[in-house]
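Below you'll find the structure, written out as structure tokens, and then a few comments.
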Amino acid sequence: MDADRIRENLQSVTGRIARAEARSGRPQGSARLIAVTKRNPPERIRHLIDLGVKELAENYPQELWKKAEALREFSPTWHLIGHLQGNKVKRTFPLVRMIHAVDSLKLLRELDRVASGLPRGERPEVCLQVNTSDEEAKHGWSAESLLLDAEAVAACREIPVVGLMTMAAYGTDAESARPSFVELRRVRDELRTRTGLALEHLSMGMSNDFETAIEEGATLVRVGSALFEGAEG
Ligand SMILES: *Cc1c(COP(=O)(O)O)cnc(C)c1O
């Protein structure tokens with residue numbers, strides 16, 4: 001049964017999150033689970049919602065729109081974790097609590113412009129994506145270019161910039177991902193100094209490496225396959 005498998009997976013993931021928090025001397029609940037639902041149909045996602053998981057994420061805006069509609073009666077909170085094109089900003093905005101992967105100054109400025117037309121309470125929060133593993137295919141600022149853009153980031157006062165996000169290099173194991181996470185925290189600390197923004201969030205860690213990410217300060221872990229494995233039949 002999908003439901004039983006998902007319950008066991010969730011127990012395992014939340015247990016591992018709690019133990020990683022404990023061993024890094026962090027308060028319980030300081031690393032929040034964001035359940036990545038991509039490639040899973042609404043019926044299966046419902047099992048997670050029934051188990052009390054409230055924060056869900058998709059990486060394509062159109063998929064998010066569809067699932068937000070299909071699951072509307074359960075009122076989950078949505079996060080967009082993938083690339084957002086400028087022409088999808090308006091439709092995505094009212095559906096999401098956070099946009100994790102703002103990957104250019106151009107997009108940040110567009111979000112800032114759209115946000116200025118909304119009441120403060122209705123503006124999604126955003127994280128800026130940093131490419132900490134130097135893979136060419138990936139979106140995002142390099143560490144150096146983001147720090148050079150510090151003033152321009154600080155000038156975007158309408159959209160709440162609350163932290164940074166990264167993805168470890170594809171296919172790396174938990175230990176080889178660690179330098180990416182350490183680097184994201186370092187860039188966050190430096191950008192905080194340069195902008196005066198609190199930047200309380202580090203969105204980092206996926207199924208393969210979320211415990212390492214928590215040890216290095218992740219506040220949001222984006223976990224998909226570890227929650228759904230075995231339930232895809
Ligand atoms: C798919 C995805 C995740 C979750 O990956 P899993 O390995 O399935 O946990 C996290 N973040 C982003 C940006 C993703 O695209």
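The values are calculated or read from the model by the stated rules, or taken from the named source; none is laboratory data. Since we're looking at a predicted model, the values are computed, not measured. Here the Cβ is made from the backbone with ideal geometry for all residues, glycine too, and neighbour counts use every protein chain on show. Each accessible area value is taken on the protein alone, full model and side chains, heavy atoms only, with ligands, DNA and RNA left out. Shrake-Rupley method; radii C 1.70, N 1.55, O 1.52, S 1.80 Å.
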Checked segment 149-188 for anything farther than 22 Å from ARG222 by Cα, surrounded by fewer than 17 Cβ atoms within 10 Å (Cβ to Cβ) and in contact with an Asp or Glu (Cβ under 8 Å, 6 or more places away or on another chain); matches are ARG157, GLU158
Yes/no for PRO76 being touching a helix residue (DSSP H, G or I) at 6+ places or on another chain (Cβ under 7 Å), free of Cβ contacts under 8 Å to residues at least 40 places away in the same chain and under 20 Å from SER225 (Cβ atoms): yes
In segment 184-233, what residues are polar (S, T, N, Q) and in contact with a strand residue (DSSP E or B) (Cβ under 9 Å, 6 or more places away or on another chain)? THR195, SER203, SER207, THR219, SER225
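Okay, residues lined up against (1) within 21 Å of ARG157 (Cβ to Cβ); (2) within 16 Å of the ligand (Cβ to nearest atom); (3) open to solvent by less than 20 Å² (accessible area, probe 1.4 Å):
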{"site": "GLU69", "(1), (2), (3)": "no, no, no"}
{"site": "ARG72", "(1), (2), (3)": "no, no, no"}
{"site": "LEU84", "(1), (2), (3)": "yes, yes, yes"}
{"site": "MET98", "(1), (2), (3)": "yes, yes, yes"}
{"site": "PRO119", "(1), (2), (3)": "yes, no, no"}
Which one of these is open to solvent by less than 10 Å² (accessible area, probe 1.4 Å), closer than 19 Å to ILE34 by Cβ, aliphatic (A, V, I, L, M) and more than 16 Å from the ligand (Cβ to nearest atom): LEU199, LEU146, LEU191? LEU199
Test: LEU108 is modelled with pLDDT of 95 or more, in a strand (DSSP E or B) and either under 21 Å from LEU199 (Cβ atoms) or open to solvent by 50 Å² or more (accessible area, probe 1.4 Å) (or both): no
Filter segment 162-178 for residues that are touching a His at 6+ places or on another chain (Cβ under 9 Å) and away from the ligand (no atom under 11 Å from the Cβ); which is farthest from ALA20 (Cα to Cα)? VAL162
Restricting attention to segment 29-53, which residues are more than 11 Å from the ligand (Cβ to nearest atom), in a loop (DSSP other than H, G, I, E, B) and touching a Phe, Trp or Tyr at 6+ places or on another chain (Cβ under 9 Å)? ALA31
Residues (of a type in the set (A, V, I, L, M, F, W, C), within 13 Å of the ligand (Cβ to nearest atom) and in a helix (DSSP H, G or I)) located in segment 54-67: LEU64
On the basis of being more than 16 Å from the ligand (Cβ to nearest atom) and surrounded by 15 or more Cβ atoms within 10 Å (Cβ to Cβ), does ASP103 make the cut? no
Segment 217-233, residues that are more than 16 Å from the ligand (Cβ to nearest atom) and within 17 Å of the chain's Cα centre (by Cα): GLY217
Find the residue count for segment 17-64, including only residues that are of a type in the set (S, T, N, Q) and under 21 Å from ASP4 (Cβ atoms). 2
Pairs with Cβ under 9 Å, 6+ apart, first in segment 135-147 and under 18 Å from LEU197 (Cα atoms), second among the β-branched types (Val, Ile, Thr) and modelled with pLDDT under 95: ALA143/THR132
